[in-house]
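Worksheet: the structure to be examined is printed underneath.
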Amino acid sequence: MDNHKDRILRGTAMGGKIRAFAVRTTNLVEELRRRHDTFPVVTAALGRTVSAAAMMGNMLKGKERLSIQVRGDGPIGLIAAEANAHGEVRGYVNNPHVELTNIRPGKMDVAAAVGTTGYIHVIKDFGLKEPYRGSIPIISGELAEDFTYYFAVSEQTNSAVSLGVLVSPDYTVANAGGFIIQLLPGVTDDEITELERALSQIPPVTTLLEEGLELEDILRRILPDVTILEETEVHFHCDCSHERVERALISMGREELEQMIREDRKAEVTCHFCNEAYTYDEDQLKSVLERAKS
C-alpha cells in the first residue's frame with residue numbers, strides 16, 4: 001500500500017464559473033485488484049471506473065449514492081462501481097482475468113477490454129421513490145471520453161474528464177486517479193479557449209502522480225486560480241453483512257430454501273463487490289427458513 005492517502009479535492013475557478021474535482025485512488029484500486037485478482041488491463045478499466053465514481057459521488061450530498069454500470073461488448077463484461085458523498089467506494093468486474101496485447105509498451109488496450117459498443121448506466125439514489133437513471137452509448141471504451149459524453153448528454157454539463165491507472169510490472173497499482181473539470185453558466189469563450197489550451201498541454205494524470213505532484217498541483221496546472229473548497233478521504237467500503245445476505249436468502253422464497261437444505265445442506269454466498277464469502281450450514285439455513293415462513 002502507498003503511504004499517501006487517497007483523497008478527493010473539490011474546488012472552483014474563474015470566479016465560480018468552473019468547478020473542479022481531482023482524485024487519487026491508488027490504494028483503493030490496489031485493494032480492488034487484490035480482492036478480485038484482476039489482470040493489468042482489467043485493473044486499469046476498473047480503476048478508471050471507480051475513480052470516476054468517486055468524483056461523481058463527491059457531487060452528491062448526505063446519504064445520496066450512485067452506481068455506475070459499464071456494459072460493453074469486450075471480454076471484461078460488466079464493470080460495476082458504487083460510491084457516495086463520503087468517499088466510500090466499491091467495485092467489481094464480471095471477468096477479472098482478461099489478457100490483451102498492449103497498444104505500445106506501457107499503454108494498455110482498455111477499449112478492447114471494455115468494448116466499443118454498449119452502454120454506460122448511471123443510477124443516482126437521492127432517497128426519493130424513484131432513482132435518477134441516465135444512460136449513454138459507449139463512444140470509445142477508453143472511459144474518460146465516455147464519461148465526458150455522459151456529462152454532456154445526460155447532465156447537460158460540458159466537462160473534461162481524465163482518468164488513469166498505472167500498473168507496475170508485478171501487477172500491483174503504482175498510481176491511479178483522475179480529474180473532472182466542468183463549465184458552469186457564465187463562462188466566456190475566451191475562458192473556454194484558455195482552459196482548452198491548458199488541457200491540451202497537460203500530461204496524463206498517471207504521469208503527474210508519478211512525478212510526485214499533489215492533487216492541488218494538478219488542478220493548478222489546469223486552473224491557476226483554483227480555490228479548494230473541500231477535501232474528502234477516499235476508501236474501499238462494502239456494506240455487505242450477514243443480515244443483508246440473510247435478507248437475500250429469504251427473498252429467494254421458501255421453496256428454494258427448502259430445496260437448498262434438502263439437496264446441498266449448506267449455502268455459500270459471495271459478495272460481488274468485496275469477494276467476502278458467507279457460509280450457512282444446514283442448521284443456519286433452517287433458521288433462515290423459519291424466518292422466511294414468519
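Against the condition touching a residue at least 40 places away in the same chain (Cβ under 8 Å) and over 30 Å from Ala174 (Cβ atoms), how does Val288 come out, does it pass? Answer is yes for this residue.
When the range 85-108 is filtered for residues that are open to solvent by 40 Å² or more (accessible area, probe 1.4 Å) and either modelled with pLDDT of 95 or more or within 19 Å of Asp146 (Cβ to Cβ) (or both), the ones remaining, listed by number, are His86, Glu88, Asn94, Asn95, His97, Leu100, Ile103, Lys107. For the range 109-128, a residue qualifies if it is open to solvent by less than 10 Å² (accessible area, probe 1.4 Å) and touching a residue at least 60 places away in the same chain (Cβ under 8 Å), and the qualifying residues are Val110, Ala113, Val114, Val122. Of everything in the range 1-31, what is over 17 Å from Asn84 (Cα atoms) and open to solvent by less than 10 Å² (accessible area, probe 1.4 Å)? Give them in sequence order. If the condition is that a residue be over 17 Å from Asn84 (Cα atoms) and open to solvent by less than 10 Å² (accessible area, probe 1.4 Å), then Gly11, Ala13, Ile18, Ala20, Thr26 are the ones that fit.
Here Glu88 clears all of (1) more than 14 Å from the chain's Cα centre (by Cα); (2) touching a residue at least 60 places away in the same chain (Cβ under 8 Å) except the condition numbered (1).
If you go through the range 244-294 and pick out every residue that is among the hydroxyl-bearing types (Ser, Thr, Tyr), out of contact with any strand residue (DSSP E or B) (no Cβ under 6 Å at 6 or more places or on another chain) and at pLDDT 85 or above, you end up with 2. Only one of the listed residues (Arg34, Arg48) is open to solvent by 10 Å² or more (accessible area, probe 1.4 Å), closer than 19 Å to His272 by Cα, assigned by the TED database to the domain that holds Gln182 and under 13 Å from the mean Cα position of the chain (by Cα). That residue is Arg48. Can we say Ala152 is within 27 Å of Thr206 (Cα to Cα) and surrounded by 18 or more Cβ atoms within 10 Å (Cβ to Cβ)? Here the answer is no, as Ala152 does not meet what is asked. Among the residues of the range 17-63, those that are among the small types (Gly, Ala, Ser) and either closer than 22 Å to Ile79 by Cα or modelled with pLDDT of 95 or more (or both) comprise Ala20, Ala22, Ala44, Ala45, Gly47, Ser51, Ala52, Ala53, Ala54, Gly57. The criterion of being surrounded by 11 or more Cβ atoms within 10 Å (Cβ to Cβ), closer than 30 Å to His36 by Cβ and out of contact with any Cys (no Cβ under 9 Å at 6 or more places or on another chain) does not hold for Thr227.
Counting only residues that are under 35 Å from the mean Cα position of the chain (by Cα) and either buried (at least 18 other Cβ atoms within 10 Å of the Cβ) or among the charged types (D, E, K, R) (or both), the range 257-277 holds 9 of them.
The values are calculated or read from the model by the stated rules, or taken from the named source; none is laboratory data. This one's a predicted model, so the numbers in the text were calculated from it and none came from an experiment. Reconstructed Cβ throughout: ideal geometry from the backbone, glycine too, with neighbour counts over all protein chains shown. Only protein heavy atoms, including side chains, enter the accessible area calculation; ligands, DNA and RNA are left aside. Shrake-Rupley method; radii C 1.70, N 1.55, O 1.52, S 1.80 Å.
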